[in-house]
Each structure stands twice: as C-alpha cells, then as structure tokens.
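> Have a look at this one before I ask anything.
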Number of protein chains: 4
Amino acid sequence: MTETSSPSPATQGTDGRPRARGLGVPFDGDCGALNSITDVPGVEVGYRTLVDGEGSAGSVVGEGPVRTGVTAIFPRGRGTPLGRVWAGVSAFNGDGEMTGTHWIREGGTFVGPVLLTNTHGVGMTHHAVVKWLVRRPGYEAETDLWLLPVVAETCDATLNDMNGLHVGEADVIAALEAAQGGPVAEGNVGGGTGMVCYEFKGGTGTASRRFDLGGKAYHLGAMVQANFGRRPWLTVRGIPVGQLMPDDSLWSREQGSIIIVVATDAPLLPVQLQRVARRAGLGMARTGTTGGTGSGDIFLAFSTAGRVEETVLEPLPSLAYIPNDCIDPVFAATVEAVEEAILNALIAAETMTGWNGQRVVALDHARLQEILRAHSRLNES
Amino acid sequence: MTETSSPSPATQGTDGRPRARGLGVPFDGDCGALNSITDVPGVEVGYRTLVDGEGSAGSVVGEGPVRTGVTAIFPRGRGTPLGRVWAGVSAFNGDGEMTGTHWIREGGTFVGPVLLTNTHGVGMTHHAVVKWLVRRPGYEAETDLWLLPVVAETCDATLNDMNGLHVGEADVIAALEAAQGGPVAEGNVGGGTGMVCYEFKGGTGTASRRFDLGGKAYHLGAMVQANFGRRPWLTVRGIPVGQLMPDDSLWSREQGSIIIVVATDAPLLPVQLQRVARRAGLGMARTGTTGGTGSGDIFLAFSTAGRVEETVLEPLPSLAYIPNDCIDPVFAATVEAVEEAILNALIAAETMTGWNGQRVVALDHARLQEILRAHSRLNES
Amino acid sequence: MTETSSPSPATQGTDGRPRARGLGVPFDGDCGALNSITDVPGVEVGYRTLVDGEGSAGSVVGEGPVRTGVTAIFPRGRGTPLGRVWAGVSAFNGDGEMTGTHWIREGGTFVGPVLLTNTHGVGMTHHAVVKWLVRRPGYEAETDLWLLPVVAETCDATLNDMNGLHVGEADVIAALEAAQGGPVAEGNVGGGTGMVCYEFKGGTGTASRRFDLGGKAYHLGAMVQANFGRRPWLTVRGIPVGQLMPDDSLWSREQGSIIIVVATDAPLLPVQLQRVARRAGLGMARTGTTGGTGSGDIFLAFSTAGRVEETVLEPLPSLAYIPNDCIDPVFAATVEAVEEAILNALIAAETMTGWNGQRVVALDHARLQEILRAHSRLNES
Amino acid sequence: MTETSSPSPATQGTDGRPRARGLGVPFDGDCGALNSITDVPGVEVGYRTLVDGEGSAGSVVGEGPVRTGVTAIFPRGRGTPLGRVWAGVSAFNGDGEMTGTHWIREGGTFVGPVLLTNTHGVGMTHHAVVKWLVRRPGYEAETDLWLLPVVAETCDATLNDMNGLHVGEADVIAALEAAQGGPVAEGNVGGGTGMVCYEFKGGTGTASRRFDLGGKAYHLGAMVQANFGRRPWLTVRGIPVGQLMPDDSLWSREQGSIIIVVATDAPLLPVQLQRVARRAGLGMARTGTTGGTGSGDIFLAFSTAGRVEETVLEPLPSLAYIPNDCIDPVFAATVEAVEEAILNALIAAETMTGWNGQRVVALDHARLQEILRAHSRLNES
C-alpha cells in the first residue's frame, strides 16, 4: 500500500488508517492542518455511536441489530450552546429531512448545534436537543423564547433496525457532551454508523480547505453523512471506480441520501451562504451520482465570522462580507472539501453486517489505488 | 346577542356557542355543511388537549401549568394512515417549523397525518407518529422505507410551561386515535390549546367553502392554529376591531405564528397546490397582520382527489387537474376559508390563565357585534 | 366633496386633484412629506406617457389607439445611472415578467434603473435601457461587463394596441431622461397609462411611510403599476366598495397584474429585503384580491442605505442592518404604503376609452366617500 | 487521429468533423440517432450566425467586430409556434438572464420558442419574437392575450462588440424561420457564436440519450450555450485536461455563463421537470467547474409529452407522469446528455479572433485524445 510520507491528521485517520490523501488520491487546493471541519476555529464535533446485536437473518423490529448513532456539530463550540450563526441552506433533492430550515431561508441564521442521525431518529433527537438546551444553566437569560433546532438525517434501514427507534434521549445528550475540537473520527461513527454509499459501506467524512483572501487566511470545512449512490456511478477523481469494482453491490436502484454541513470562518452574507450551500452539490456530483429520486441531498452552510445581532438597534450592527467578485475561492474550497469528505467517508468506513444479516463491504483501499494507478491518477510518494 | 336563525354546525360550535357567522360576521361564498376542513371527504381530525395545573406567579419549568396539546389531521382518514396525497407548501414567514416540507417541495406529496403542536413538542410528536405508523399492522407491506412526517408548531410559551415538554408519546397517539370526521371543536383544543391571537386568546379554527367547476361540486377546507398578531392590527371583515378593543393587550411586539392547513377534493397538480398554499396568506392578511418577523407563517395545501402513484409504471399513471384559467374559484375559496377559520378560532377560544399567572382574554362576542354593527358590517338575522 | 384641510403633496396630486388621504380615506402610520417613493432620498422617477388615436370599434393591430408608456425609477438618482443597490424580490403570482431577478435572488443586488411598461414592450425597453447605459460617458470605466436590467410589465391590451408594439427606443430614453425627485404624477401616466384595476381605471400610484428606529428616521416608499382585480373583490380600508359599485364592470374573470417597487433608506440585508418584498403582498391583499391565476404579482424591494461592494477586498466591506427583532416597523410601513399606493392609483386614474372602443371608468370619488361614510370609515375634516 | 468507425450524426458534426464520441471520448448510456436535442420528436432548432469585421486592436463600440447570433428552439416545431409545453426551471447561479421563468415556476408551462443570444441582445430578441408571434396568421384566435417568451443569454463580450448591439429584429426572425429537425450544427453557431468555455473557444453543443421505461422508448436531449469555466478546472470524463493544456489561457477569474435547455418526450409533471432542470447542474459539474460567481447557470427543462390544457374544464384534463420511484433513468439521461453536450460544444468550436484582437483557441482534438489515452480513458476503435 502506497501512502504519502509523514502521516498527519490530514492524511491519517484517528484510527491510524489512511484517509483519502493518505492513499494517494490526488486533490486540488490546500487543506487545513486537520483536513477536517474542526479546522474552522470554534467548530466542535461529538459522536454517539450505537452498535449492538448480531446481524443475522430473521431480524425483528425493536430487537436490533442496532447500527446507528448521533453526530453533533457546534458552530461556536459546546461552551456557547446557542451560538447563533449566519447560515444558508440548499436542497438539491428534498427526499429527506433537515429541520430548522424555514428560518434559515427567512432569517439567514440558526441557533444551537447541528444534529445528524437516522431518519426515524429525527424526532427523538429534536426532542432531546431542545431539552438539553432549555435545561442548561442560564437559559432563562437568553433572548430565544423558542428553539428551532437543526436536525438532519439519512436512512440506515439497510443495516440498522431503524423502525426499532433505538436512538434515545441519553444518546443525543451523549453526542452533545462529547463534542470537541481536534481530529475527528470518520466512517462508522455517530449518525453515519449504519450508512451505505455507492453500495460500499459509507458514513461520516470530513475535509477542509485553507485559502487566502485579501491577505487573510480563512478555513472552510465540510462534514458529510454519506449514504447515497449506486455502485456503477462511483467515480473517484474522475475514474469510474464503481464500474471497475462491481462486486458485492446491493441494489438495482439508489437508496439513501447525503447531508452536507459546510462551515467557514470567512465572513459572508446569508445570500452568499446559500450560494456556498448550493455548491456543495458540485462536490457531490464529482463522485459520480446522477441524483437519484430517493436521495435526500440537503446542504447547510454557516459562517462563524460575524456575530448575529437580533435585538440591539443602537449602535446599528453590521456584517462584513467577501465581495461577490472575490468569492470564487470560497466556492472552490466548498466543492473540493465536499468531494474529499465523501471520499474520506468511503475510505474510513469498514465492512458491517446488520439488519437481516445484510453485509455491506468497505471500499478496498489497495484495489482503489491499483485502479487510480492504472489511470495515472494516483499520487505516489 | 344577535345570531342567525336555525343554528347549524356551520354557525354553531360543538360546544353550542356561536361561530363567526353565527354572530353575524358577514362572509363571501358558500361554506360546506360543517363549515370545516372535514367537509372535504376523507379528512378526519383528532385532538389531545392537555390542561393541567393552576396558572399563578412563580411558575417553575417542568411543573406546569400545562396548556398545550396535539392536533392530528388525516387527509384520507385514519383507516388509511399512510394516505399519500399531492401537496404544496408555502412559507410566508419562516420563523417556525413544519417538518416534511423538503419532499413536499421536491416530490409534491406527503404521507401520513399532519400533526400540530407546540414548538418544543415537535420532536416528541415526530417521534411518536413515526412509532405509531411503523407499528401498525401491515406496515411491512408498504413501499415506504422511510417516513418524513409533517409536524408543525406554534409557540404557546405565554400560557404553557413549554420548556417543561409536557407533550408525551401517549398524547400524540391519543390525538391520532381520536381522529374522526364530522363537526370539529375549535378554540382551546388540541395543538391550539394555549395559543394567543392578536393578543386575544387564540387557538384552533376551521372553515370551508363549496364551489362548482365544470358542473361538479368541490370542497375546500382550512384549519388554522392561530397564534399571531398584535392587537392594534386586528381587523374583522375590514373593521379595525383591535384598535377599538385595546383592553387587556399583552405585548409591545408580535409573538407567535400561524400554521394553516388547506384541504380540497379538487384535482390539482403539485405546482397548483403550491399556489393554493401561497394564497392562504391573503386570508391571513385580511385579519390585519403586517407580517411580524417572529411569526412562523407556514401553509400546507393538499388534494385528496388524485391517487399518488410512486412505483408502478404500467399503465402510466395520470393526474387530473383544474386548468389554470379555471382555477380562480379554488383560490377565492382558499382566501375566504382561511380568513373565516382565523375568526372562528378567535371567537371559539375562551379566556385562559397560565404560565406565571398570565391571563389572556377571549374576544368579547357582544362587543365585536356592536363594533361591526356600528360600521354596518353585521348581518342581522 | 370632503377633503382634509391644507392640501399638501401627500394629499393632493400633481394635477391638483385629491389623493386617497385627501378624500378622507383613513390610513395608519405617518407618511413622508410627499407621500411618495421619492421621499426616499435619491429615488427619482421619470415617465413617458403615450396616448394617441381615437378608441373606437374596429381597431387594427399596429394602428392604435396607443394607451401605454414607460416608467423609470432610479434608486440612486439619474446622475448615478448604474447605482447598484441591495435588493430582494418576491413573486406572489408569477404570471408576469420582471427581468433581472435571477441575480437579485442570487447576489442580492441590481444595477441601473427599474423600468415598468406594458407586457409586449419589455423587449424594446430592455434593449433601450442597455443602449442608453452603455453609451453614456464613462461606461468603459465601470466594472460591469454585462448588464441585467430590471424591466417589469403589466398588460394594457384592454385599452392599448399592445400588439402594435408602440413603445420605441426613444420613448424609453425619454422616460429615463425625465427622471427627477419631488412629487410624482399618478394614474394614467408612464407604464401605468393604460392599466385597469378592479375593473376601474388603474395605473400608477405611490405612497410612503416614515418611521423611527433607534432614534433615526427612515423612509419607505412604494410605487405600483396596478392592473389587477375583479370589481366584486375591491375593498377600501376593509369596506366592500366594489360590491357596492357594480356599474361598468368589465369581466367575468380577472385580467391583469400588479408590479410593486418598494424603496427604503433603512439598512437591510438582502434576505431582509426579500422579506420586505414578500410583505408587499399583504398590502395588495388589503385591497381585496383573492389572487387570480392570470395576475403577475411581482414585487421588488431595494435599500439605498448601504454601498454595494463587488470587487474590493481590502478593507473588507460591511453592511449595516436592522436586527430582525427590530424590523417590524419596516414591514408595517411596507404593507401600509403598498395599500395606500394602490388606492392612490385608483383615485388618480381617469376614465379612458381605447382599443376597440373599450371604455374603462374611473372610481367615482364622491361615491367612494359616501360608502366609506356610511360605514364610519371616512376621515371628515 | 483516432475515430470510431462508421461516422454517423451521433459522432460526426454537420461540418464533417468529429464530435466528442467521434474522437473516442467515452460516455455512459445510449444516445439517440442524432445525438441531439432534435432526437426528441417535434423539437426543431434554427440559427442565425453573425460574423462580420476583422478582430484587431483598437475596437470601437458599434463598429464591430461582430461575433454573435441567435438560436431558436421550438419545442413542438415551427408549425405550431405557440406550442405550449410543461416545463421546469432551475438557476444554479443566477448571474444571467432567462425571461419567462416567473410563469414557468408558477404555472409549470411556457409558450413559444426558446431563444438564446448574447446578454445585451436579450431585449431585441424578446421584442422580435413577440412581434413575430403576434403577426403570424391566426394569432387572434389564440387564447394567449399576452406573451411571456423565454429568452436567455450568455455574454460574448470577449470576442464580440456586445455593446454595439448587433442583433437586430431581422436576425431573430431569421433564426426562427431557419428552425428544422435533423442534425444540428455545433460550435460557433447561433447564440453560441462568440462564446468561450474553460478559456477555449466554446459555443453551442447538443447531445441526447435514449432510455426505456415501462416498455416504451423515450428520448431526452440537451442543448447548451457554453460560455463558462476557467482552464484549470476543465475535466473531460474525469481527467484534468485543463491543467494539462495550460496554453493560451485568458483569465485569472471566471467569466461567462451556461444556458442549458433539456427536452424530453417522457411525460413528467412540472415539479418533476424542475427536478430534471436541477440535475443539469450535475452534468455541468462533471466538466470541472466550481461554480464561479459570475456565471449565469440557468437551466430549463420541458416535456413534449402532454398537452397543456389551460382553459377547458369539461372533460377534466389529466397529465400522465413517470412515477417518482421510476424516474432515475430520466435523471441519468439528463446528467449524461448535458455533460456530452458541453464537450461537443468545446470540440466543435473553432479558433476565433474578435474584439480588440482577442484570440480564443479551439480545444486541440489530437492533444485531447493523447491525454485521455495516457489516462486509459479513450475509446480506441
């Protein structure tokens, strides 16, 4: 196996296994130190991973196996749990759920952490995050009379006893309280635990880009819960890897979805963050999907740069922004980070057996390298 | 007190008190027999009303008082719980939540009942309706691998211990299982129990219109959870009633929201149902609001006319529709039914005392009649 | 005839006839000195009114009668013709045209004057404004390589030989070059010349509101090209005037459209300007429409407060804004100004005969006052 | 040079030069006989190409050189000029113009031909198509009182004297009257004459896919006016061709736009056509763009399958549709056809010199083949 020399968090996962660029997959642009959404200052990520029970034929609803979890992303850190940020949202294909988006479209902001889980865990996750927020000390003093939390999902019913509703209140709170900065785990973790991507094992992935504008350095990071795509569609940096690795495919038509969260410390207006969110779809497209009907492809972008003033009129608040004619590096960073985050999810995920004995195989690293090498698309160290 | 002769469900509430047209408020158009969303064949409504504890100063989160509830609306009756329908959605002001709308915008349909509750009860309600749906007999045979239920909210924190999260799983199921056709209660019931409208007691209201197109009779009904508006804004059939009834007002700026559900048996394409949903805002406007920033004004419209074919290609399914040049009666019915439903909510609601001893007074019927009479805007029987 | 004492531009038109509040129609809020969109500093309006030929039976396409025109609105005055501003757009009902809106939705800005004309004059008007802009001195030095002008329309085919395409390049340039501040004419002028509203003669109208926020005074003005509504729908301050004045009605179903332009000097983010634009629909609703299918109801809002920086990154530009929780006075001003502008259009317009001898009568002032008085809704001086 | 054997219209252009698949560029899916939008029965295309004057330094506005034109696409053939169709629209990035889209979003239909031209030619093109439509025999008998034509643009100012406004009324009519079925020219023709794509010469391109659903064969064709992208972004079937062909690049930041028109004979609801339009962006993404701010990426999709009934209520009209769960082949065809159409535009376009002597080189066919071959991505015959 070929890896780049001197492993770093950018190339090597928290489990010591290589990430996409650790395998030599070539990318454009410069990533941040962690190559993670946590490269954006303040962003913290917490997981609760639920794996329980044998996966074998004859599964019964409510009895497992459990292959699911919860991911919590705090835009401004767990220490400022309400942490309002400017935001934008875009649904490439709306066969999915992300709560809280009516106000993001209207007001260009949201409050609190972003939660990712399975489709039927949305309700309990929403309930639990509200409970957690209103019960923390100091909530009374806040200006927010009501909370419209952002909870998004992809469907893990292929591997998980999703109708057993195994995500509980305590699991959500555990994810919230586990949030931290630094390197973040990928693959079968958090909300991504039981996900399937291009008929390989999918899950959680992240990546980042660093870019300069006007003499300042900014970061942009993406986190995906990747659960979409048919095998023949998969391309890795343009190479039709899926068609060349047809074994252990699962379906005749696409199942699943992708949730993409993009964070940046670049100052942007809400309309600009909508544009960033929309561009997440270009990163998704680079991995080969033709956008199946059942895929809930919903994208959120937020900026930690500007304070959001909701109530004070004197002095009049103002919001800094990157002028539109200078914004292309933000867009390029988005597309590149999203593409790499999806590939990181595929490369980090490990083979899993679950509901009714269904087995979903991991993308084989060596075979991937071999195919890329055969197409002169592998960075050899 | 002046009422129209021969009370009927259209003019008299289930509690025997007069509805808006029972008081002589003049309306355009013909209502259905019940003047209710249940005039649309198949539509059934169930409530769970939660009122518990004294409302007095010094309320503590988690200890009540409880002034909340859940409303369940089944488009095709409780007997067909998944009952997929064609639908459209419109957010006049997105400071609120309605789940399930990404797919309504994308696919033009939704599955299952529509649930209305308080803002912080959205999560538990979502959780419970998913649980109820996946556990009923026959779910395995359904084609829906995942559920994206429609759960909407308005905020009852003025009267209810909303942060105490008093809506439980059993309450949601009780509302679902209470659903039936026929006359429906209004005012302090179901999800509308603790709501406030134009600084009077608000809540649940409904109304309907009957119209003919191409020789066929159709019905359109609206149900609102009315929790919006400042007192000085309130107009009743154009008369500035709020300015003439300034007593017991509550706020210096608007709180609250309105959820509007429009049902019809007229056959309409999803793009046309979006148009119907948008016109709900004209009905809302007639009651005087200038559209405050904090009001989550989210509108759903669905048609029970056409079957929604999702999977079978042979024979090719088709969808009947009202041609656009003939659709104005549907739009007029929407505006009129929504306006009347809001007034019905105001007129049915009764004075309530709740959180921290807050008292919200009902709209006085006699004074309303007096004001309308003084402006030559009262139907005298 | 009852008028308020001491006529001013706010109550009396440029032709010396009373405007809505000059007739005693009651309104909420305080208007600006001119009660016009030109109360917003920098906003200038120019007209080119085209009336030619007798209106009699047997009209032939291309031979007139001509009953049309062009309206030009400069957000930052004619002296700064490119005058980029922050903006938002909302289409309540999209059966109409407003060019330039793709970028308004995307970038939150537009460049140049706003032009209003008839439906089939959109092309020539677009052509002419591009020509005028690129040929003025100094254009080479501008940063805008391409222009996406805002040109909107309503249909005057009831009175005008619209298919004769009588708006020429010179007419558009005449409107542009006539732009000025100060009191503006209403009724049968500019793009509104041949319009019909609630089956009375309609056309151009304007109004404004003045409000204080954080100790500063701001203005918001609306200009409408009113060409919508059926007679029985018309309400004036809530009174069903249209049903009480059924004579000389024209149609069995709605024709026409309304374009609304809202200008303000309050500092607002583009997402907030979208909200302002959407609220124009509440003002429209107050005049009674139920939103007919054929009405192109497209609303534009712009703010002159902030410079729009498109290209310079150092120093980072920033945009002041009214915090969302303080924005309700802006929304109220919008609703009120739009409602009053529509009524001003109806009250200023004069009876016109045109295409094929069609005669459209003006709203009778005395009869309007009489009806409002009978409903205790007239301000008597 | 390697070409596939037995040239056909699918592989060889009307000028006898190879198209993308004629060069051996590998594609998924089956194309129609012509590999063109005209594979969709009824669709006809006409061009007016304007090339005049030497391109040399010192160009003066109004004096040329002229490098522009007009493209006309009739959904139902020139013989039925109003030819109303069901449609959907999606703006990936709205820095451009497509008129007529307010009604497409609202009503899900449009009337008449689709016109493509340069940015400053939109007005004259709109004017001319209205004139042409209202003057043809039989217009009086039509139900359409007003026309909202679809006119879209990309900016050819790099090569064309765009501010000279050289598109005249007669040019538009010439394009309309040239429309026909059969093989269509690509590259420097019609509205695409002066366009630039990935800093190579761009322009007009087309491609199609054929697919079976429910035992029936359907066609879907795309036509693009390709004028977008920076050189380093260009990927051809995943290979970073642009980075490997850096010569003769033009810019430090993206200029330009892409208009995509997708036609199909598959029966689809308007909401489904919006979904098809949105997926055009995935095809665009495959060619490497990261979605620059200045690119007006506006996509239109229409179906010729169903008649659009606007006025007749008896019998109630109905619209056949592909069920959502069966629609993925339509989406795949869209992505594939759009990608191939863009590559066809690049491959057909020839080196051009224009405004101020600016020279834009064509993509070198042999070098492209060489690069693809080196990456094992060339079909060798």
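> Can you name the residue in region B:227-240 that is β-branched (Val, Ile, Thr) and out of contact with any His (no Cβ under 9 Å at 6 or more places or on another chain) and is also surrounded by the most Cβ atoms within 10 Å (Cβ to Cβ) among such residues?
B:Val236
> Among the residues in region B:140-157, are any acidic (Asp, Glu) and in a helix (DSSP H, G or I)?
Yes, that holds for at least one residue.
> Please work out if C:Val134 is more than 19 Å from C:Val261 (Cβ to Cβ), free of Cβ contacts under 8 Å to residues at least 40 places away in the same chain, of a type in the set (A, V, I, L, M) and facing another protein chain (nearest Cβ under 9 Å).
When the stated conditions are applied, C:Val134 passes them.
> Do the conditions hold for A:Glu309, that is, is it out of contact with any Asp or Glu (no Cβ under 7 Å at 6 or more places or on another chain) and surrounded by fewer than 24 Cβ atoms within 10 Å (Cβ to Cβ)?
Yes; evaluated as a whole, the condition is true for this residue.
> Just checking, does region D:52-64 include any residue being buried (at least 17 other Cβ atoms within 10 Å of the Cβ) and hydrophobic (A, V, I, L, M, F, W, C)?
No, region D:52-64 has no match at all.
> If I go through region D:105-130 residue by residue, how many of them are farther than 26 Å from D:Asp161 by Cβ, crowded, with 24+ Cβ neighbours inside 10 Å and facing another protein chain (nearest Cβ under 8 Å)?
Of the residues in region D:105-130, 3 are farther than 26 Å from D:Asp161 by Cβ, crowded, with 24+ Cβ neighbours inside 10 Å and facing another protein chain (nearest Cβ under 8 Å).
> Considering region C:138-148 alone, what residues qualify as being at pLDDT 80 or above and either more than 8 Å from every other protein chain (Cβ to nearest Cβ) or within 13 Å of D:Ala157 (Cα to Cα) (or both)?
Answer for region C:138-148, where residues must be at pLDDT 80 or above and either more than 8 Å from every other protein chain (Cβ to nearest Cβ) or within 13 Å of D:Ala157 (Cα to Cα) (or both): C:Leu145, C:Trp146, C:Leu147.
> Further, regarding this structure: Being over 15 Å from the mean Cα position of the chain (by Cα) and not hydrophobic (A, V, I, L, M, F, W, C) narrows it down to one residue among B:Thr109, B:Thr38; which is it?
B:Thr109 is the lone residue from the list that is over 15 Å from the mean Cα position of the chain (by Cα) and not hydrophobic (A, V, I, L, M, F, W, C).
> Another question about this same structure. For A:Glu336, state whether it is outside any helix (DSSP H, G or I) and not β-branched (Val, Ile, Thr).
Criteria not met by A:Glu336.
> Take D:Ser208 and tell me if it is surrounded by fewer than 19 Cβ atoms within 10 Å (Cβ to Cβ), in contact (Cβ under 8 Å) with a residue 24 or more places away in the chain and touching a helix residue (DSSP H, G or I) at 6+ places or on another chain (Cβ under 6 Å).
No.
> Another question, then. How many residues, within region A:28-43, are of a type in the set (Gly, Ala, Ser) and more than 17 Å from A:Ala179 (Cα to Cα)?
3
> With respect to A:Leu159, determine if the residue is of a type in the set (A, V, I, L, M, F, W, C), more than 8 Å from chain B (Cβ to nearest Cβ), in contact with a Lys or Arg (Cβ under 6 Å, 6 or more places away or on another chain) and buried (at least 24 other Cβ atoms within 10 Å of the Cβ).
When the stated conditions are applied, A:Leu159 passes them.
> Quick one: count up the residues across region C:307-339 that are under 16 Å from B:Ala285 (Cβ atoms) and either at the interface with another protein chain (Cβ under 7 Å from one of its Cβ atoms) or of a type in the set (Asp, Glu) (or both).
Going through region C:307-339 one residue at a time, the tally reaches 6.
Residue-by-condition table, conditions (1) under 18 Å from the mean Cα position of the chain (by Cα); (2) free of Cβ contacts under 8 Å to residues at least 60 places away in the same chain; (3) on the phi > 0 side of the Ramachandran plot; (4) more than 13 Å from chain A (Cβ to nearest Cβ):
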{"site": "B:Gly58", "(1), (2), (3), (4)": "no, no, yes, yes"}
{"site": "B:Pro65", "(1), (2), (3), (4)": "no, no, no, yes"}
{"site": "B:Arg84", "(1), (2), (3), (4)": "no, no, no, yes"}
{"site": "B:Ala87", "(1), (2), (3), (4)": "yes, no, no, no"}
{"site": "B:Asp95", "(1), (2), (3), (4)": "yes, no, no, no"}
{"site": "B:Thr99", "(1), (2), (3), (4)": "yes, yes, no, no"}
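> Has region B:353-362 got at least one residue that is without any contact (Cβ under 8 Å) to a residue 60 or more places away in the chain, in a helix (DSSP H, G or I) and buried (at least 23 other Cβ atoms within 10 Å of the Cβ)?
Within region B:353-362 (the criterion being without any contact (Cβ under 8 Å) to a residue 60 or more places away in the chain, in a helix (DSSP H, G or I) and buried (at least 23 other Cβ atoms within 10 Å of the Cβ)), the answer is no, since none of the residues qualifies.
> Take B:Glu370 and decide whether it is part of a loop (DSSP other than H, G, I, E, B) and over 17 Å from the mean Cα position of the chain (by Cα).
no
> List pairs: first in region B:214-234 and without any contact (Cβ under 8 Å) to a residue 40 or more places away in the chain, second surrounded by fewer than 21 Cβ atoms within 10 Å (Cβ to Cβ), Cβ under 6 Å, 6+ apart or cross-chain?
Pairs found: B:Arg231/B:Ser249; B:Pro232/B:Gln243.
> Quick one: how many residues across region B:242-289 are in a loop (DSSP other than H, G, I, E, B) and more than 9 Å from chain C (Cβ to nearest Cβ)?
Within region B:242-289, residues that are in a loop (DSSP other than H, G, I, E, B) and more than 9 Å from chain C (Cβ to nearest Cβ) number 16.
> Here is a list of conditions, (1) within 20 Å of the chain's Cα centre (by Cα); (2) assigned to a loop (DSSP other than H, G, I, E, B), and C:Phe331 meets all of them except one; can you say which number that is?
With respect to (1) within 20 Å of the chain's Cα centre (by Cα); (2) assigned to a loop (DSSP other than H, G, I, E, B), C:Phe331 is out only on (2).
> If B:Asp171 satisfies all but one of (1) over 13 Å from B:Gly121 (Cα atoms); (2) acidic (Asp, Glu); (3) surrounded by fewer than 24 Cβ atoms within 10 Å (Cβ to Cβ), what's the number of the condition it fails?
(1)
> Out of all the residues in region B:163-186, which are of a type outside the set (Val, Ile, Thr) and within 16 Å of B:Leu34 (Cβ to Cβ)?
Within region B:163-186, B:Ala179, B:Gln180, B:Gly181, B:Gly182, B:Pro183, B:Ala185, B:Glu186 qualify.
> Filter region B:363-381 down to residues that are among the basic types (Lys, Arg) and surrounded by fewer than 22 Cβ atoms within 10 Å (Cβ to Cβ) and give me whichever is farthest from C:Arg373 (Cα to Cα).
Among residues in region B:363-381 that are among the basic types (Lys, Arg) and surrounded by fewer than 22 Cβ atoms within 10 Å (Cβ to Cβ), the one farthest from C:Arg373 (Cα to Cα) is B:Arg367.
> Across region B:290-306, what is the total count of residues that are more than 9 Å from every other protein chain (Cβ to nearest Cβ) and in contact with a helix residue (DSSP H, G or I) (Cβ under 9 Å, 6 or more places away or on another chain)?
6
The values are calculated or read from the model by the stated rules, or taken from the named source; none is laboratory data. Note that the structure is a prediction, hence the values are computed from the model and not measured. A quick note on method: Cβ atoms are made from the backbone with ideal geometry, for glycine too, and the neighbour counts reach across all protein chains shown.
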